[in-house]
Amino acid sequence: IRLKDVRRAAFQLLRNIFDLENASFFRSRVIAAIKTMTLAIATVQDFQLMLFETHVEYMNGDWISGWILFVVDMFWPNGVFYTKGPDLTEQEKSDLKTNCKKILETSLPDQLKTVLGKHTEEGLDILHEMLQNRLVLKSMAYMLLDVVWGEIFPELSDFVTGSECLDKNL
């Protein structure tokens, strides 16, 4: 990993996040000055030393096994993956449904509500019903895992095909 590539990527990220392409002259000059200062402050040797120290500290068996144990404990607490809770009464189901719909409605931005108009409530009902369907949730989880897997191992993109529908422009 080269320092100039990291520096270029970091400033490109800042430019995209804060929309510096359309920034005022003063703002763009301040960012240019900061970029120039990073050339004087961070030397290639310091960067390589920091990379090496970080790699030695975090890329070892203890650190990786600690994260593996954390994930296993998070998904399988006490070695049990899934236990069904007690059945809900009709009143509890109704209360949960009402509360979920209220949360969905409050999380929707007002601008989107204005655009959707009278169809907002129908759309929220459909979204709520979809989120109650275990098959839909499993499919969404598998697609999300496919995307993560594809990002971690891009060479397997021909093997991992479940996320292709997310890449299509509709």
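Were the residues from Val30 through Cys100 laid out at 0.36 nm apart, the gain over their Cα-Cα distance would be 20.6 nm. Sorting His128, His119 by accessible area puts them as His119, His128; the probe is 1.4 Å, largest comes first, and only protein heavy atoms count. Ordering Thr120, Ser107, Gln132 by the projection of their Cα atoms onto the charge dipole of segment 78-132, which places +1 on the Cβ of Lys and Arg and -1 on the Cβ of Asp and Glu, puts Ser107 at the extreme positive end. For the chain, the longest principal axis of the Cα atoms and the long axis of helix 120-132 meet at an angle of about 90 degrees. Between 0 and 90 degrees, the angle of helix 44-58 with respect to the longest Cα principal axis of the chain falls at about 40 degrees.
Panel values: the chain, Kirkwood radius from alpha carbon pairs, Stokes-Einstein at 20 °C and 1.002 mPa s, translational diffusion coefficient 96 µm²/s. Within the same chain, lysines fewer than 8 places from Lys113 are excluded, and of the rest, those with a Cα less than 27 Å from its Cα are Lys93, Lys97, Lys101, Lys102, Lys168.
Computed extension length for Leu88-Val147: 17.8 nm, one decimal, from 0.36 nm per residue of separation with the Cα-Cα distance subtracted. May I ask for the angle, rounded to the nearest 10°, between helix 134-152 and the longest principal axis of the chain, with both axes built from Cα atoms and the value confined to 0 to 90°? For helix 134-152, the angle is close to 10 degrees. Which lysines, on any chain, are close to Lys35 with Cα under 24 Å apart, when same-chain ones fewer than 8 places away are left out? Within the straight-line cut-off, Lys35 pairs with Lys4.
The values are calculated or read from the model by the stated rules, or taken from the named source; none is laboratory data. Keep in mind that what you see is a predicted model, and the values were worked out from it rather than measured. Backbone-built Cβ (ideal geometry, glycine too); neighbour counts: all protein chains shown. The area values use the complete protein model at the heavy-atom level, side chains included, leaving out ligands, DNA and RNA. Shrake-Rupley method; radii C 1.70, N 1.55, O 1.52, S 1.80 Å.
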